[in-house]
Amino acid sequence: MTVQPHDVNADLHAHSIHSDGTLTPRALVERAHRQGVQLFALTDHDEVSGIGEAQATAAALGLRFVPGVEISVTFAGHTVHIVGLNIDPANEALLAGLAHTRSGRMRRAQAMADGLAAAGIADALDGALKYAGNLDLISRTHFARYLVERGVCSDTREVFGRYLVEGKPGYVPHRWAGLAEAVGWIRDAGGVPILAHPARYRLSSTELWALFEQFREAGGVAVEVSTSSHSADDRRRFAQMAREFGLEASRGSDFHGPGESNAELGSAALLPRDLTPVWHRYC
Ligand code: AMP
Ligand code: MN
Ligand code: MN
Ligand code: MN
């Protein structure tokens with residue numbers, strides 16, 4: 001009997017210390033297995049260097065594993081994220097694209113530290129770097145952890161609201177990959193492009209519609225309907241968008257580490273049964 005994909009506990013979005021998560025790929029995969037995840041993807045930001053360790057750990061545990069990535073994209077002046085699943089992590093076009101996408105991060109981090117220093121918080125770059133497991137991938141999350149350590153805020157969510165989002169002292173606009181470009185890298189590497197957590201974007205409804213249209217036109221396949229930052233209303237809304245645009249649906253925790261994330265590995269809400277789970281191809 002073939003397994004029904006809806007009944008598989010798939011968690012297709014999570015981060016390790018190779019980007020802004022706090023666990024090693026090995027510890028992350030072991031935790032996913034303990035939590036009852038049956039199909040797992042590592043999707044570090046703009047980076048695939050954790051995949052080998054994750055894959056080996058999953059193989060030893062008998063856990064089905066999908067190599068992934070989450071690419072930072074600039075669309076209509078906003079940052080959006082595109083997850084790529086089942087990519088070949090050795091594909092040269094993908095590796096070159098990711099290296100280019102990562103390349104401005106250290107310069108941006110220096111400018112963020114300058115902004116924070118002007119707001120009275122000195123030495124934030126050195127502080128943030130202590131938290132970065134991958135110097136190529138210094139992220140706002142690492143600054144947020146350092147500001148919590150300093151006692152400037154009580155949690156990372158507060159740091160983002162007060163310091164790291166548009167209009168705040170540590171925010172520095174940055175130009176990431178183009179939408180069609182990122183989708184193209186994923187497809188070239190044999191992967192499936194997925195629009196990540198669409199409710200998080202501060203887009204007008206016209207811009208959101210354009211994002212879905214351009215994503216699909218570029219070769220996008222699925223949208224994350226169930227993710228830890230989506231409310232029940234968000235899930236209903238984007239399930240409907242998936243139906244209207246003929247997109248498949250994905251599910252993932254967007255786990256970054258114990259005590260840091262909204263949702264434990266494998267615990268995001270189930271998808272509505274009429275949607276096609278993007279992981280049907282891996283079951
Ligand atoms: P970056 O790619 O350096 O701009 O950092 C983006 C990362 O910051 C996201 O992947 C999240 O992990 C984290 N993040 C963004 N917004 C928030 C928020 N409001 N609260 C906590 N973490 C956030
Ligand atoms: Mn992140
Ligand atoms: Mn994201
Ligand atoms: Mn993510």
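The values are calculated or read from the model by the stated rules, or taken from the named source; none is laboratory data. Computed from a prediction, not measured in an experiment: that's the story for all the values here. We place every Cβ from the backbone using ideal geometry, glycine too, and count neighbours over all the protein chains shown. To get the accessible areas, we keep the full protein, side chains included, count just its heavy atoms, and leave off ligands, DNA and RNA. Shrake-Rupley method; radii C 1.70, N 1.55, O 1.52, S 1.80 Å.
Results, tabulated for the structure shown:
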read-out: Computed [θ] at 222 nm, deg cm²/dmol, the chain (DSSP H ≥ 4; -39,500 (n - 2.57); rounded to nearest 500); value: -11000 deg cm²/dmol
read-out: Alpha-carbon Rg/Rh ratio, for the stretch 181-269, with Rh computed the Kirkwood way; value: 0.98
read-out: Part-to-part distance (alpha-carbon centres) for the stretch 258-283 and the stretch 5-80, which is given in Å; value: 12 Å
read-out: In sequence order, calculated HN-Hα J values of the stretch 151-165 (Karplus, 6.51, -1.76, 1.60; Hz; x Gly/Pro); value: x, 5, 9, 8, 8, 5, 4, 5, 4, 4, x, 8, 10, 10, 9
read-out: Helix 140-149 axis, angle to the chain major axis (alpha carbon atoms, nearest 10°); value: 60 degrees
read-out: Cα gyration tensor category, rounded, prolate or oblate, for the stretch 105-164 with a/c compared to 1.5; value: oblate
read-out: For Arg150, solvent-accessible area (1.4 Å; no DNA, RNA or ligand), Å²; value: 100 Å²
read-out: 17 Å cut-off, amide nitrogen to a point 7 angstrom out along Glu166 Cα→Cβ, residues in the stretch 64-94; value: 73-81
read-out: Extension gain (nm, one decimal) between Thr79 and Ser154, 0.36 nm per residue minus Cα-Cα; value: 24.4 nm
read-out: Net charge contributed by nearby residues that have their C-beta within less than 10 Å of Gly266 (K/R +1, D/E -1); value: +1
read-out: Global geometry of the chain, whether rounded, prolate or oblate, following the gyration tensor of its Cα atoms and the 1.5 cut on a/c; value: prolate
read-out: Cα-projected label distance for Asp233 with Asp136, points at 7 Å along beta-carbon direction, nm; value: 4.1 nm
read-out: Label-point gap, in nm, between Cys283 and Gln110 - each point 7 angstrom along Cα→Cβ; value: 5.0 nm
read-out: Cα-based helix-to-principal-axis angle, 92-102 vs the chain, degrees rounded to 10; value: 30 degrees
